[in-house]
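Trainee: So that we are looking at the same thing, I have put the structure below in structure tokens.
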Amino acid sequence: MSINFNKAKEVAAKEALSFIQSNMIIGLGTGSTAKIFVDLLAKKFFLEKLDIKVLSTSKKTEIQAKKLGLPLTKIDKVSKIDIVIDGADEADPNLNLIKGGGGALLQEKIVAFNSDKMVVIIDDSKIVETLGKFPLPIEIVKFGYIKTKEKIKKLLYDLSYKDFSMNWRKKNNNYFTTDEKHYILDLSLKKIQNPDILNKKINYIPGVVETGLFIKVASIAIVGDDNGNCKIIKKEG
């Protein structure tokens, strides 16, 4: 497991630059590793005079990109997104992900689903055999949020989850709200045996906007370590 996480993240972010070319529309992720990539992309943009446009998955990343001088656009103003470079909180060997630790899971998933390719940049501590050690974020509308939580709890019991906890994400002792003004419910499940089924069933519940499970979305993972090395994992099939 990595000790110097920042070094491992930077290694992965640098490698991701090799996927960037002129005439691309690029989705920019959110989170600590994505932030490093955006900084590096800006340097590449000016050094190589790239003809690119970028779009953001969060207000935070948008502010960063704007300050760096990257040419911003909006998702509904482009006909396609060539690639999105983003981090993850966990990734399993099949490149199923848990995302949303930074609170931008909805925008991240919309951009990822509308991109030709999703490249995930992570340090090696994020690779797990089974998803679930990292709390799974669920984005929920404010109206009826307590009832929505109760329905999720019942579903988890029905799916034979027993030793779990559910916590509303807080910031400064207030409910954390996403860019779309929703709440986030974090599910500490420890192990998610069938992420595809769980994702579908939770999304069936009215009041749920989206889950942080990214199933069969990522194409490639770039995994960095604190020795300055990285490896590429490609989705099977």
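The values are calculated or read from the model by the stated rules, or taken from the named source; none is laboratory data. In this text the structure is predicted, and so the values were computed from the model without any measurement. Virtual Cβ from ideal backbone geometry, glycine too; neighbours counted across all protein chains shown. Remember, those area values only see protein heavy atoms, side chains included, never the ligands or the DNA or RNA. Shrake-Rupley method; radii C 1.70, N 1.55, O 1.52, S 1.80 Å.
Trainee: Quick one: Thr130 ticks every box in (1) closer than 30 Å to Lys190 by Cβ; (2) open to solvent by less than 30 Å² (accessible area, probe 1.4 Å); (3) not hydrophobic (A, V, I, L, M, F, W, C) bar one, so which box is it?
Mentor: Only one criterion in (1) closer than 30 Å to Lys190 by Cβ; (2) open to solvent by less than 30 Å² (accessible area, probe 1.4 Å); (3) not hydrophobic (A, V, I, L, M, F, W, C) is unmet by Thr130, namely (2).
Trainee: I'm trying to understand the selection: among the residues of the stretch 216-233, which are among the basic types (Lys, Arg) and under 17 Å from the mean Cα position of the chain (by Cα)?
Mentor: Correct list: Lys216 only.
Trainee: Could you tell me which residue of the stretch 133-151 is nearest to the chain's Cα centre (by Cα), considering only residues that are surrounded by 13 or more Cβ atoms within 10 Å (Cβ to Cβ) and of a type in the set (Val, Ile, Thr)?
Mentor: For the stretch 133-151, the residue satisfying everything is Ile138.
Trainee: Right, here's the next one. Between a residue in the stretch 102-120 that is under 20 Å from Ile36 (Cα atoms) and any residue that is part of a helix (DSSP H, G or I), which pairs come within a Cβ distance under 6 Å, given they are 6 or more apart or on different chains?
Mentor: Matching pairs, first to second residue: Met118/Ala112; Val119/Ala16; Val119/Phe19.
Trainee: Looking at Lys67, is it at positive phi and either of a type outside the set (Gly, Ala, Ser) or in contact with a Phe, Trp or Tyr (Cβ under 7 Å, 6 or more places away or on another chain) (or both)?
Mentor: no
Trainee: Filter the strands (runs of 3 or more DSSP E) completely within the stretch 167-237 down to those with at least 1 residues that are crowded, with 19+ Cβ neighbours inside 10 Å, aromatic (Phe, Trp, Tyr) and in contact with a helix residue (DSSP H, G or I) (Cβ under 6 Å, 6 or more places away or on another chain).
Mentor: 183-188
Trainee: Is there any pair with a first residue in the stretch 150-170 that is in contact (Cβ under 8 Å) with a residue 24 or more places away in the chain and a second that is open to solvent by 50 Å² or more (accessible area, probe 1.4 Å) and in a helix (DSSP H, G or I) whose Cβ atoms are under 6 Å apart and which are 6 or more apart or on different chains, and what are they?
Mentor: Leu155/Lys201
Trainee: Inspect the stretch 114-133 for any residue being modelled with pLDDT of 95 or more, among the charged types (D, E, K, R) and touching a Leu at 6+ places or on another chain (Cβ under 8 Å) and give the result as yes or no.
Mentor: Within the stretch 114-133 (the criterion being modelled with pLDDT of 95 or more, among the charged types (D, E, K, R) and touching a Leu at 6+ places or on another chain (Cβ under 8 Å)), the answer is no, since none of the residues qualifies.
Trainee: Do you know which of the residues in the stretch 99-127 that are at negative phi and small (Gly, Ala, Ser) is surrounded by the fewest Cβ atoms within 10 Å (Cβ to Cβ)? Steps first, answer last, please.
Mentor: Going through the stretch 99-127, the residues at negative phi turn out to be 99, 101-102, 104-127.
Filter once more, so that each one left must be small (Gly, Ala, Ser): 101-102, 104, 112, 115, 125.
Working: Gly101: 21, Gly102: 21, Ala104: 28, Ala112: 23, Ser115: 23, Ser125: 15.
Of everything passing the filter in the stretch 99-127, Ser125 is surrounded by the fewest Cβ atoms within 10 Å (Cβ to Cβ).
Trainee: Does at least one position in the stretch 152-163 carry a residue that is within 17 Å of Glu108 (Cα to Cα), crowded, with 16+ Cβ neighbours inside 10 Å, in contact with a strand residue (DSSP E or B) (Cβ under 8 Å, 6 or more places away or on another chain) and not hydroxyl-bearing (Ser, Thr, Tyr)? Lay out the reasoning, then the answer.
Mentor: In the first step, residues of the stretch 152-163 are kept if they are within 17 Å of Glu108 (Cα to Cα); the result is none.
Within the stretch 152-163 (the criterion being within 17 Å of Glu108 (Cα to Cα), crowded, with 16+ Cβ neighbours inside 10 Å, in contact with a strand residue (DSSP E or B) (Cβ under 8 Å, 6 or more places away or on another chain) and not hydroxyl-bearing (Ser, Thr, Tyr)), the answer is no, since none of the residues qualifies.
Trainee: Within the group Ile83, Ile98, which residue is more than 24 Å from Glu129 (Cβ to Cβ) and modelled with pLDDT of 95 or more?
Mentor: Just one listed residue meets the conditions, Ile83.
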